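Notes follow once the structure below has been shown.
The values are calculated or read from the model by the stated rules, or taken from the named source; none is laboratory data. The structure presented is a predicted model; accordingly, all values stated were derived computationally and were not measured. Cβ atoms come from the backbone with ideal geometry, glycine included; neighbour counts cover every protein chain shown. Ligands, DNA and RNA are stripped out before the accessible areas are found, and what is left, the full protein with its side chains, is counted by its heavy atoms. Shrake-Rupley method; radii C 1.70, N 1.55, O 1.52, S 1.80 Å.
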Amino acid sequence: MTSEGKDANTVLDPQSIQESEEEYRNPTEVKMSQIVLPCHANHYGELSAGQLLKWMDSTACLSAERHAGCSCITACVDDIHFEHTIEVGKVVNIIAKVNRAFTSSMEVGILVTCEDLYTDKQWKVCHAFATFVARRTEAGKVQLKQVIPHTQMEQMEYSLAAERRRMRLIHAEIITDLLSSSTAQLGECQEYQGAVPAERTRVESVELVLPPHANHQVSTFGGQIMAWMENVATIAASRLCNAHPTLRTIDMFHFRGPSHIGDRLVLKAIVNNAFKHSMEVGVCAEAYQGGEPLRHINSAFMTFEVLDSDRKPRTLPRIRPVPVDGKRRYQEAIARKKIRLDRKYIMSCKQTEVPLSVPWDPSNQMYLSYNNVSALKLMDTRNNWVLTSEKNKVRLYTLEENHMLCFKVEMHVSVPAAQTFHLLSDLRRRKEWDPHYEECEVINQADEDDTLYRVATPSVSKGSKGQDFILLASRRKPCDARDPYLIALRSVTLPTHPPTDDYTRGEVLCAGFTIWEESHFVTKITYYNQATPGVLPYISTDIAGLSSSFYSAFSACSHFLEANKDSLAAL
């Protein structure tokens, strides 16, 4: 999953970076700076992606071990998108820090920037997330200490880490289901005149794991394995295009088992499919010692481009898959490309650049749900809200930025958090307390956590039409006691429910509830609403009228929760 950061062409100001560092330094933060020498570069005079992966893995591992106080191993790495290549003579700066620790695993954020020593400019190369697991000690399983976020940025990453962890746990199963359903609809492979046989791109190489390849735990560096995998993948890509390819993305992958000194690592790569300007290479790493059977260490899918003299992607030759297994890989590569584009479209754009309503289908549910929950969590971590008014212990805050008006309503109720979550997460019951919800029907119960609703609201003036919304509601229970219950809402589009003449189709960019348990019987409810002017039923140019509308609705919400808590006592 590529994290949204600064724009790829944005130059980082070293002075501002230094000033922010002097104010506060994360105790788990580790920095590495390396000047790119010819021995680190490929024949194109650019830093080898494999070498960069080794540096990233080493830096992240040191950060994880600084927090854990014991040895750690790389468990998985999320999607990586390389925005720029790095030339010989430039300096690579890598910053790694632990975003959040769970029981025995932790997420480490890795930021890679490139520095030009002559112009004193820096720019972002990539931003990645890796998961490390603390190794067992003689006393038994490790229980990691909590990460305490101090800044708004750390709080944001801490909160989002729980959602990213959820995606990792379900990622493999969902991708498998999507591939099986997608490839069944793709039909037969197309034959192209002059297509390059996939067999020509097949690469197999073996590496003997020696002490320099191992870490201080006598296990093969995860970064070293990634570097070897990138090497054979690059050779396979080169055989298709007879040119130097540039690695652009690596899909999320998991290390399935360890490798040690003395292992023989067998690395296999082949081009699965070639599109107009990119190709997907599948690569596999297996290990063995002596006569023992092969152990599967890792598999990855890497996307390459070939750039011309103007640094623009060249048109690539098509591929002719090998019979049987090659056709499956060919078709799955098409499905993975769609999944990759959906993921980038939904998750990698800045919030203000994503269209309000994204088409929903099973193939992008995981990413829409992540985006939905993440947007609400980002609003919850903002600290520049302005208290507009307070009435009957209900507080109304506002925030205006990027031509968007955001609202926050905060109140306390004497109802347990789990019961509050259960009552508020069923939008069909919201009309019992919110006059803006005239109708609400379930369109699709996607799974236990994600539901699609159609919500209709009454007209705001005489003679005008009401609004209706197609909303994705994503529910989340706390990952642990440091998280709230969440109910996130955002608009999606469905072909089965197009706009009608009876209603004006409204859109919600981000809305929802965070529900914090302050004690067994006291719960803090915060409602958020973000929209461009005129698209939400609450929006009004009259702040006084808007405040009155919020107060009325949420006073009724408090009474609704109090009245129904006894019926849910079993929870």
Contacts under 9 angstrom Cβ, first residue in segment 302-322 being under 21 Å from residue 197 (Cβ atoms), partner aromatic (Phe, Trp, Tyr) and part of a loop (DSSP other than H, G, I, E, B), 6 or more apart: 316/275; 317/192; 318/192; 318/275; 319/192; 320/192
Residues (surrounded by 19 or more Cβ atoms within 10 Å (Cβ to Cβ) and under 23 Å from residue 360 (Cβ atoms)) located in segment 415-435: 424, 425, 427, 430
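Conditions tested, residue by residue: (1) surrounded by fewer than 17 Cβ atoms within 10 Å (Cβ to Cβ); (2) of a type in the set (Ser, Thr, Tyr); (3) modelled with pLDDT of 90 or more; (4) closer than 19 Å to residue 372 by Cβ.
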position	(1), (2), (3), (4)
473	no, no, yes, yes
480	yes, no, no, no
486	no, no, yes, yes
490	no, no, yes, yes
501	yes, no, yes, no
512	no, no, yes, yes
523	no, yes, yes, no
536	no, no, no, yes
552	yes, yes, no, no
Single unsatisfied condition, residue 498 versus (1) in a loop (DSSP other than H, G, I, E, B); (2) in contact with a His (Cβ under 9 Å, 6 or more places away or on another chain): (2)
Selected residue [over 21 Å from residue 49 (Cα atoms) and surrounded by fewer than 23 Cβ atoms within 10 Å (Cβ to Cβ)] from 305, 292, 204: 292
Yes/no for residue 449 being under 25 Å from the mean Cα position of the chain (by Cα) and modelled with pLDDT under 95: yes
Single unsatisfied condition, residue 121 versus (1) of a type in the set (Lys, Arg); (2) open to solvent by less than 20 Å² (accessible area, probe 1.4 Å); (3) out of contact with any helix residue (DSSP H, G or I) (no Cβ under 6 Å at 6 or more places or on another chain): (2)
Segment 315-333, residues that are closer than 17 Å to residue 239 by Cα and open to solvent by 40 Å² or more (accessible area, probe 1.4 Å): 315, 317, 318, 320
Residue 151 under 23 Å from the mean Cα position of the chain (by Cα) and of a type in the set (S, T, N, Q): yes
Hey, residue 238 free of Cβ contacts under 8 Å to residues at least 12 places away in the same chain and open to solvent by less than 80 Å² (accessible area, probe 1.4 Å) or not: yes
